[in-house]
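First up is the structure itself, then whatever we jot down about it.
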Amino acid sequence: MLNKQLLNVKDLYVDVEDKEILHGVDLSIGEGETHVLMGPNGTGKSTLGYALMGNPRYTVKSGEIWFKGKNITAEPVNERAKDGIFLSFQNPLEIPGVTLSSFIRNALEQKTGKRIKLWDFKKDLEKTMAILQMDPSYAERDLNVGFSGGEKKKAEILQLLMLKPSLAILDETDSGLDVDAVRTVSAGIEEYQKTCKGSLIVITHSTKILEALHVDYTHVMVEGRIIKTGDASLVEEINENGFGSYETQEQ
Amino acid sequence: MKEKSQVEDIDRSIYDFKDDEKDAYRIKAGLTPEIVQKLSKEKHDPAWMELFRLHSLQIYNEMAVPDWGPSIEGLNMDQIVTYVRPNTKMKAKWSDVPADIKNTFERLGIPEAERKSLAGVGAQYDSELVYHNVREEVAAQGVVYTDMESALTGEYADMVKKHFMKLVKPTDHKFAALHGAVWSGGSFVYVPKGVSVEIPLQSYFRLNAPGAGQFEHTLIIVDEGADLHFIEGCSAPKYNVANLHAGCVELFVGKNARLRYSTIENWSKNMYNLNTKRALVEEGGTIEWVSGSFGSHVSYLYPMSILKGRDSKMEFTGITFAGKGQNLDTGAKVVHIGENTSSYINTKSISKDGGISTFRSSVVVNKGAENAKSSVSCQSLMLDSESRSDTIPAMDIRTKNADVGHEAQIGSISDEAVFYLMSRGMSEEDARACIVSGFADNVSKELPLEYALEMNNLIHLEMKGSIG
């Protein structure tokens with residue numbers, strides 16, 4: 001592999017409420033690479049995202065997760081966040097009483113261990129919100145409370161751009177968005193690729209979000225396993241033929 | 001910043017009786033007319049007040065202890081004299097103040113001198129100056145703001161006599177009767193017609209006065225078209241060796257007047273808080289209650305609003321946080337008498353570590369209260385499976401044209417929300433505290449900024465160490 005290895009998932013088995021969802025996933029991601037994870041509904045894509053982030057509901061039965069040369073399989077969520085893993089939620093939760101702005105500032109301070117100057121932060125935040133075409137007033141609104149689906153997704157990408165993680169997992173960030181919103185979100189992701197030089201795992205059903213993005217690898221997940229890995233052209237192929245051939249292959 | 005300085009020990013002299021032998025006898029016998037008479041004399045009561053106290057005492061001795069709420073068995077009623085009159089033996093020492101209270105002072109960043117005062121021991125910090133300045137400022141608008149004792153003999157003595165315990169009568173319940181017999185300290189406020197008091201008046205300063213804070217009486221009269229915000233209490237835990245608080249608050253809201261009454265209390269966790277608060281609202285008037293209950297071992301607290309005049313309104317926003325060993329029975333009552341009256345009750349309760357939080361509400365709509373509107377909403381958050389949360393709403397509607405609604409919700413902290421916050425680097429403890437503060441947010445928003453911050457600090461303190 002050309003790029004220095006960032007994430008290495010070795011033969012991962014994951015249970016959710018005593019039901020095995022992932023049956024031995026192997027995945028290796030280098031620095032600065034963009035990986036697309038596709039597959040039919042209910043096949044374990046989001047489960048992989050949650051397991052990488054460390055959601056305690058998702059139990060790793062066997063296998064290991066290595067990040068930046070460290071075994072993080074047993075690490076709690078917040079430690080992984082500090083290590084540089086970020087998950088953009090499919091359904092971001094509403095948290096009353098905390099403004100979007102203070103939430104991001106707090107997260108930044110947690111990550112860097114330093115106090116962030118309010119003035120610099122506000123300027124940076126406004127600039128980033130402009131990229132995402134977000135109304136600046138959202139910064140002072142309670143986190144995701146009463147946000148539309150599109151604004152919630154934009155707020156996730158805003159956090160991504162502000163926190164600058166080394167690995168971002170985007171869990172169906174494009175779902176439920178109209179064409180314009182997909183374009184805006186996609187521009188935000190492009191910005192992350194460009195300015196943060198971070199790695200990406202893009203979990204998606206559709207290919208719209210990928211049009212403007214540079215993709216290095218594409219993985220197809222079916223029934224809890226990655227059954228095929230290819231380059232960007234695999235996206236095109238799936239776009240035309242769907243997952244049908246893979247599912248029959250499984251049987 | 002407020003100037004603070006150290007002054008001498010709390011003056012317990014008003015309660016000091018010299019006759020030791022007789023004392024021992026009296027303690028056994030409970031509260032006697034002699035004790036009450038002596039208290040009355042020491043306080044230089046007017047004659048009617050002495051009679052009032054004695055009459056209240058009689059009622060007190062005849063009434064039974066309430067048995068419909070949380071148990072108050074831990075309160076030794078035979079020792080009631082020691083609550084009324086802490087003797088020298090019971091005088092607290094700083095070294096006797098429980099460690100958790102000292103820690104809380106530490107964490108809240110309360111200055112040393114103030115800590116001792118709040119703990120009811122040693123030095124008392126000089127709040128008199130601040131209090132005096134505030135009084136001067138509002139006096140220019142014709143507002144009377146004074147302690148209850150001075151009010152009894154001052155310029156407004158007749159007004160005080162006319163209103164004192166007329167809204168909360170000694171016959172209401174045993175602890176109201178006890179209050180009538182032994183009350184001491186508290187505030188009197190009179191806002192004349194049309195006067196809008198810009199700054200909130202805070203009884204915080206008064207509560208540090210000797211002997212106050214246990215049976216204190218608050219009487220507020222807001223005249224026609226006037227406007228006042230009064231803040232009672234303090235978020236730092238008040239520690240008292242005598243663990244009974246039976247205060248009384250009477251609020252008279254005149255025609256088209258508005259009164260906002262905010263309370264934050266964080267009594268020490270050995271306290272029995274049996275407090276009675278009531279407001280009478282005339283035509284077009286508004287009473288707004290904001291109430292935060294964090295402390296005490298047992299609380300009975302249901303501020304009541306009597307919407308007497310047509311178009312009068314009440315709004316109640318409350319939060320109760322019951323932790324380990326706490327049984328907090330709180331809520332609100334409203335009586336609709338006038339036409340077009342409206343009440344809006346919105347409460348949140350949090351229980352944790354086996355704490356019990358009960359929300360009790362009573363909505364009465366009288367026959368003549370045409371077009372009355374009432375909405376009651378109660379949300380509870382239980383932080384673990386040992387804790388308990390109950391909702392006991394009562395309604396008595398006697399008119400056909402009333403719009404009355406009740407809504408209750410009980411829930412727990414969502415694991416997904418904790419995960420979401422943690423995925424951005426927050427510790428589990430902070431994530432939970434953050435969700436709990438968010439839950440309490442509608443109450444914080446009603447409080448002046450410094451109180452909102454203190455309440456937030458309190459929540460974070462209460463949440464500390466809650467992760468096993």
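Read-outs throughout are calculated quantities, based only on the coordinates presented, and are distinct from any laboratory measurement. On a predicted model such as this, the values are computed, not experimentally measured, just so you know. Virtual Cβ from ideal backbone geometry, glycine too; neighbours counted across all protein chains shown.
Some notes on this structure:
- Computed from the C-beta positions of residue A:31 and residue A:109, the FRET efficiency with R₀ = 30 Å rounds to 0.75.
- Part-to-part distance (alpha-carbon centres) for region A:78-99 and region A:192-227, which is given in Å: 20 Å
- Across B:269/B:333; A:152/B:324; B:38/B:174, pairs whose alpha-carbon gap is larger than 29 Å: A:152/B:324
- In this simple spin-label model, placing a label point 7 Å from the Cα along the Cα-to-Cβ direction at both residue A:64 and residue A:197 gives a separation of 2.8 nm.
- Aspartates and glutamates whose Cα lies under 18 Å from that of residue A:111, excluding same-chain neighbours fewer than 8 positions away: A:75, A:79, A:83, A:120, A:124, A:156, B:428, B:429, B:430
- Close amide H partners of residue B:333, meaning residues 5 or more places away or on another chain with modelled amide H under 5 Å apart, are B:304, B:305, B:362.
- Amide H partners (placed H, <5 Å) of residue A:99, local residues excluded: A:143
- With a 10 Å cut-off around each Cβ of B:413-422, the average count of Cβ atoms from other chains is 6.
- Note on residue B:353 and residue B:416: with the Förster distance fixed at 30 Å, the Cβ-Cβ geometry gives a FRET efficiency of about 0.85.
- Taking amide H atoms as placed 1.01 Å from N in the peptide plane, the amide H of residue A:58 has no partner under 5 Å among residues 5 or more positions away or on other chains.
- Peptides A:230-241, B:264-275, A:5-16 ordered by average Cβ neighbours within 10 Å, highest first: B:264-275, A:5-16, A:230-241
- Global geometry of region B:393-468, whether rounded, prolate or oblate, following the gyration tensor of its Cα atoms and the 1.5 cut on a/c: prolate
- Region A:119-130 - phi-based ³J(HN,Hα) in whole Hz, Karplus 6.51/-1.76/1.60, Gly and Pro as x: 4, 4, 4, 4, 5, 4, 5, 4, 4, 5, 5, 5
- When shorter helices are ignored and each DSSP H run of at least 4 residues is given -39500 (n - 2.57), the per-residue value for chain A at 222 nm works out to -10500 deg cm²/dmol.
- Calculated translational diffusion coefficient of region B:360-418 (10 °C, 1.306 mPa s; Stokes-Einstein with Kirkwood radius over alpha-carbon pairs) equals 117 µm²/s.
- Peptide A:81-91 is shielded by partner chain Cβ atoms: per residue, an average of 2 of them sit within 10 Å of its Cβ.
- Taking label positions 7 Å along the Cα-Cβ direction at both residue A:245 and residue A:102, the computed distance is 5.5 nm, reported to one decimal.
- Rounded to the nearest 0.05, the FRET efficiency derived from the C-beta distance between residue B:137 and residue B:67 at R0 = 51 Å is 0.60.
- Between 0 and 90°, nearest 10: helix A:149-163 axis offset from chain A longest Cα axis: 80 degrees
- For region B:412-420, backbone phi angles converted through the Karplus equation (6.51, -1.76, 1.60; θ = phi - 60°) give residue-by-residue couplings of 10, 5, 6, 4, 5, 5, 4, 4, 4 Hz, Gly and Pro being listed as x.
- Averaged over peptide B:437-445, the number of partner chain Cβ atoms lying within 10 Å of each residue's Cβ comes to 3.
- Folded to 0 to 90 degrees: helix A:100-112 orientation relative to chain A principal axis, Cα: 70 degrees
- Residue-by-residue Karplus 3J(HN,Hα) for region B:144-153, coefficients 6.51, -1.76, 1.60, Hz, glycine and proline x: 9, 9, 8, 7, 4, 4, 5, 4, 5, 10
- Helix A:179-191 axis, angle to chain A major axis (alpha carbon atoms, nearest 10°): 90 degrees
- Top positive-direction residue, dipole computed over region A:171-251 with Cβ charges, set A:201, A:224, A:175: A:201
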